[in-house]
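First comes the structure, then the notes that go with it.
Read-outs: derived from the displayed coordinates by stated rules, not from any lab. Note that the structure is a prediction, hence the values are computed from the model and not measured. In this analysis, Cβ positions are derived from the backbone assuming ideal geometry, glycine residues included, and neighbour counts consider all displayed protein chains.
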Amino acid sequence: MIDAKIITLEPSIGGPLQKMYNERRNRAIKFVEGFKDSNYNLSIWDTTVNNLQSHIVIWNEPGDLLVFEDDCVFDAGVFARLVPAIDEFKTRGKEDEVLYLQRTAPHKVGCDRTFSTLSNTTTKLLIESNHPEFSGTAAYYITEAAKKHIMSNIRHDYATDKFFFELHRGGKLRYIIPRDLNNMFKLDGQLMWHPNWNR
């Protein structure tokens, strides 16, 4: 079974963006409650901290993990199609790899990314990507070994995606993506933070 957690901000945090965070959390809870795929153990992970710190806390949990931020579009069809890719990724057994599953970028929510790929690392369902800028960590699968590797290189002065990118640029992290972008998750443009968000 695939352990999967959606990171959400506890409603008691407060602040000017609490309404948006509440909407995200409520939508995620509703999806989890109706989720029926027996391949997954999907749950909500409430946190009181933002960004990198929330990922660090979850990386300290034991075992391999499928991690989501709560601004993803949660699509049961993607979950179903993703199972063979996760199984294949787990057989690679490399500590310096993450299975990156965010299909759209925060600044281009409605558009698919164009990922540059390294064909010499292609497997049946997966391919290594050398995209120059991986903005966002809203969906990824990480093994226990990779969590330990990342924690041994931790930097607290970056957002999670920038920290990953610095590891990638330094040759300490490789991004593996599904061959088929339909096996990746999009962002929800209506529930993403942006400077003019005011509803």
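Residues of segment 1-21 being farther than 15 Å from E69 by Cβ and either of a type outside the set (V, I, T) or assigned to a helix (DSSP H, G or I) (or both), which ones? Write out each step before concluding.
First, the residues of segment 1-21 that are farther than 15 Å from E69 by Cβ: 1-3, 11-16, 18-19.
Hits for segment 1-21 are M1, D3, P11, S12, G14, G15, P16, Q18, K19.
Going through segment 42-90 one residue at a time, which ones are touching a helix residue (DSSP H, G or I) at 6+ places or on another chain (Cβ under 6 Å), assigned to a helix (DSSP H, G or I) and among the polar types (S, T, N, Q)?
N51
Results for (1) under 14 Å from the mean Cα position of the chain (by Cα); (2) buried (at least 20 other Cβ atoms within 10 Å of the Cβ); (3) under 21 Å from A146 (Cβ atoms), shown as yes or no for each residue.
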{"site": "D3", "(1), (2), (3)": "yes, no, yes"}
{"site": "L9", "(1), (2), (3)": "no, yes, no"}
{"site": "K30", "(1), (2), (3)": "no, no, no"}
{"site": "G34", "(1), (2), (3)": "no, no, no"}
{"site": "S38", "(1), (2), (3)": "no, no, no"}
{"site": "P84", "(1), (2), (3)": "no, no, yes"}
{"site": "G93", "(1), (2), (3)": "no, no, yes"}
{"site": "Q102", "(1), (2), (3)": "yes, yes, yes"}
{"site": "T114", "(1), (2), (3)": "no, no, no"}
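Please determine whether any residue of segment 51-59 is under 18 Å from D161 (Cα atoms) and exposed (fewer than 14 other Cβ atoms within 10 Å of the Cβ).
The answer is yes; a qualifying residue exists.
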